[in-house]
Amino acid sequence: MFGRREFLAGAAALGLVENASAAVLSGNAADRAVDAFLKIQPFQGVVLIGRAGKPIYSRTVGFADIEAKKPAALDTPYVIASISKWLTSTALLKLAEAGKVELDAPITRYLPDYRADTGAKVTLRHLMTNTSGVPNGFATWTKANPDPDLFKKTFTTAQAVKLWCSGDLIFEPGAKFDYVLTNWVIITAIIETVTGKAYADAMTDLVIGPLGLTRTTPADPADIAISYRTLEPLVRQSNDRFPFFAASGGYVSTAGDLLKAAHAVFDGGFLPQARKKELLTVGWPDQDYTLGGRVKSLFADGFPRVFAWETGRAAGYRSVLGHRFDDQTTVVLLNNTSITQKAMDEFAYSLFGTV
């Protein structure tokens, strides 16, 4: 991840830093920032800026489906990848508030069949901060057992935990940061165990439904934007995944849904204040990592301001959900053309300078 200095330098080099002191959005300023970015990056997708949960600027660029010449629309759904972790963490905090889980309890409390020697050391908080030490057994297994039809096969969440998420710890829990999907497969198993429901159904009950996220789903809808590996030549990139990968990075959403969710979770009372503080407390400083997301200090108005910064990258999809706490400004970017995540982050940051 880039730091504050890299953020500012990159945006300035792109000519994207605008006057950040304006009290009201200038559409021209936002359009200039978008136009400048389009000159140097093959961005296609959705740009949305909101304040206090209300849209104040939007723009769509290019196509959701290039071959069919189907334009990107404000309500086009895109895979949001790791922003799914933030949604899942919000659900876990709702479960914690209801007394269904304790973040610092060993995972064997909820998964009694998990291996006792390591499960007694690992907690939900370790999993949510990617500091568990549980290895990425899926990557190791698939390398040793290449199978082009793997994603056509069916595995239960319990089978996935046993097969890919139960290896010897590669470090003591809490000692290092390791961004692996296996943490979130275990989390999925815990959510299913304590709720007695499939993960997707539990998420609908806990977060998706109450927030009114009508276009947010772990399954690809018919109108999803197509993922592209390259534009010249034009090459699609598939995003195959199992249902138990949804918590790590499998959700699909729209810019409007993400704006709504950001306002409710960050500014509103969807979580009690103590749980919101827990969600936003940085537990691994050199990654700015909290519970399933990031919080960082970036300059705006000439002063350091605190932002939530959720990002996603899967196949050709790229996403940013940035939220400035002091003035409740949100920037959402959704893309399907494999732009670098650093460029997406710099673009999002520059847009905060137009409001």
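A short reminder: the numbers here are calculations on the coordinates, not readings from a lab. Source: prediction; values computed, not measured. All Cβ positions, even for glycine, are placed from backbone atoms using ideal geometry, and neighbour counts span all protein chains on display.
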- Item | Phi-based couplings in Hz for region 324-331 (Karplus 6.51, -1.76, 1.60; Gly and Pro marked x) | 8, 6, 6, 10, 6, 8, 10, 10
- Within region 42-70, what residues put their amide N at less than 19 Å from the label point 7 Å along the Cα-to-Cβ vector of T230? 42-44, 66-67
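Pairwise over distinct Cα atoms, reciprocal of the mean inverse distance: report the Kirkwood radius of the chain in Å, one decimal place.
On the way: mean 1/r = 0.0483 Å⁻¹.
Across the chain, the inverse of the average 1/r is 20.7 Å.
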- Considering Cα pairs under 8 angstrom that are at least six residues apart, work out the relative contact order of the chain and quote it in whole percent. 28 percent
- Query: Helix 182-195: angle to the longest alpha-carbon principal axis of the chain, degrees 0 to 90, nearest 10?
  - Reply: 70 degrees
- Message: Bin width 10 Å, origin at 0, all Cα-Cα pairs of region 217-355: what percent of pairs per bin?
- Response: 11, 38, 36, 14, 2, 0
- Mind checking which of I107, I190, I40 has the largest fluctuation in a GNM of the chain, springs on alpha carbons under 10 Å? I40
- What nm value, rounded to one decimal, do you get for the distance between Q159 and D220 when each label is placed 7 Å out toward the C-beta? 2.2 nm
- Message: What distance in nm lies between label points placed 7 Å from Cα along the C-beta direction at I40 and L74?
- Response: 2.9 nm
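Quote the FRET efficiency, to the nearest 0.05, computed for T140 versus Q237 with a Förster distance R0 of 30 Å and r equal to the Cβ-Cβ distance. Walk me through the numbers before you get to the answer.
On the way: r = 23 Å, r/R0 = 0.77.
It comes to 0.85.
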- Query: On the first, second and third principal axes, largest extent first, how far apart are the outermost C-alpha atoms of region 191-284 in Å?
  - Reply: 50, 31, 30
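What's the FRET efficiency of I56 with Q287 using the Cβ-Cβ distance as r and R₀ = 41 Å, to the nearest 0.05? Let's see the in-between values first.
Numbers: r = 31 Å, r/R0 = 0.75.
So, using R0 = 41 Å, E works out to roughly 0.85.
At R0 = 30 Å, how high is the FRET efficiency between A120 and D201 if r is their beta carbon distance? Nearest 0.05 is fine.
For A120 and D201, the calculated efficiency is 0.55.
Anything over 18 Å Cα to Cα? Flag those among K121/K176; K94/K277; K85/K143; K94/K197; K100/K197, in the order listed. Each step should come with its number before you reach the end.
Details: K121/K176 14 Å; K94/K277 13 Å; K85/K143 25 Å; K94/K197 15 Å; K100/K197 13 Å.
In this structure, K85/K143 lie more than 18 Å apart at Cα.
Give me the number: length gained by fully extending D326 to N28, i.e. 0.36 nm times residue separation minus the C-alpha to C-alpha distance, one decimal in nm. Numbers along the way, then the final one.
On the way: separation 298, 0.36 × 298 = 107.28 nm, distance 2.37 nm.
Additional length available on full extension: 104.9 nm.
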- Under 5 Å, built H, 5+ apart or other chain: amide partners of Q44: N336, T337
- Item | Electrostatic dipole magnitude of the chain [Cβ: Lys, Arg +1; Asp, Glu -1; Cα centre; debye, to 20] | 60 debye
- Computed on Cα atoms, Rg of region 85-197 relative to 2.2 N^0.38 Å comes out at 1.05
